[in-house]
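A quick write-up on the structure given underneath.
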Amino acid sequence: MNLDNVYAELQPDMDSVASWCDTLYQEQAAAYFKEVRILHTRLESKIQPITDDELTWVLVDLPIQLFKAAEVVNRLRLEFEVIKLKCKNKKTTLAKASTASTATARNDVVAVQMLGDDILLVAYNAVICRIESEMSWSKELIMGAKKIWDSRRRSEQSNPISEVVPTYLPNYGQSTSSPGGFKPSTFIAKSE
């Protein structure tokens with residue numbers, strides 16, 4: 001069997017299904033994960049580390065995006081289940097209407113007639129899995145950002161960025177006497 005020939009024969013159909021899946025993904029969920037790709041690249045950057053503002057977006061705004069994406073997944077799952085039920089009904093109707101003499105022959109005829117519906121179910125499942133994969137990946141990004149955030153806060157606590165005033169040195173700026181016992185205010189008063 002030459003798999004290249006089989007693949008070449010099926011490639012137009014696979015390309016069509018892949019294009020349909022990509023279009024559905026772009027319309028329904030791509031907007032929720034656009035910034036995630038960019039911030040993941042920034043998180044891995046050795047040249048320009050991710051900023052605290054970007055970390056804040058990941059920790060505060062991204063979970064809200066994931067909630068909205070979960071609503072999309074739920075709606076797609078609902079549509080998927082409705083299609084499955086309608087397909088079951090359609091199979092029963094087609095089997096009853098078939099003129100084939102045996103049950104096996106009827107099932108074969110129905111399977112051929114249901115091919116488009118089955119492909120639609122596969123396409124829906126692929127889009128749902130893609131969105132769920134993006135959501136899992138985003139959760140990993142949130143956990144990584146949280147570790148970086150916590151690490152930065154701990155380093156700020158152990159090494160604060162503020163002026164350190166040593167308590168063991170005398171404060172020479174407020175002294176009223178100069179070295180050797182000379183007092184400027186006394187000298188001024190005597191010279192008048």
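The values are calculated or read from the model by the stated rules, or taken from the named source; none is laboratory data. None of these values were measured; they are calculated from a predicted model. FYI the Cβ positions are ideal-geometry reconstructions off the backbone, even for glycines, and counts take in every protein chain you see.
Listed values, structure above:
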{"read-out": "Matching option when the condition is assigned to a helix (DSSP H, G or I), surrounded by 15 or more Cβ atoms within 10 Å (Cβ to Cβ) and at pLDDT below 95, among Val72, Val36, Val60", "value": "Val36"}
{"read-out": "Filter result for Glu54 (part of a helix (DSSP H, G or I), out of contact with any Pro (no Cβ under 9 Å at 6 or more places or on another chain) and more than 17 Å from Glu140 (Cβ to Cβ))", "value": "no"}
{"read-out": "Selected residue [in a helix (DSSP H, G or I), of a type outside the set (D, E, K, R) and free of Cβ contacts under 8 Å to residues at least 60 places away in the same chain] from Leu141, Leu121", "value": "Leu121"}
{"read-out": "Segment 66-77 residues that are farther than 11 Å from Met135 by Cα and touching a residue at least 12 places away in the same chain (Cβ under 8 Å), paired with ones that are in a helix (DSSP H, G or I) and of a type outside the set (Gly, Ala, Ser) (beta carbon under 6 Å, 6 or more apart)", "value": "Val72/Gln28; Leu76/Ile128"}
{"read-out": "Filtered residues of segment 21-33 (kept if touching a helix residue (DSSP H, G or I) at 6+ places or on another chain (Cβ under 6 Å) and outside any loop (DSSP other than H, G, I, E, B))", "value": "Cys21, Leu24, Tyr25, Gln28, Tyr32, Phe33"}
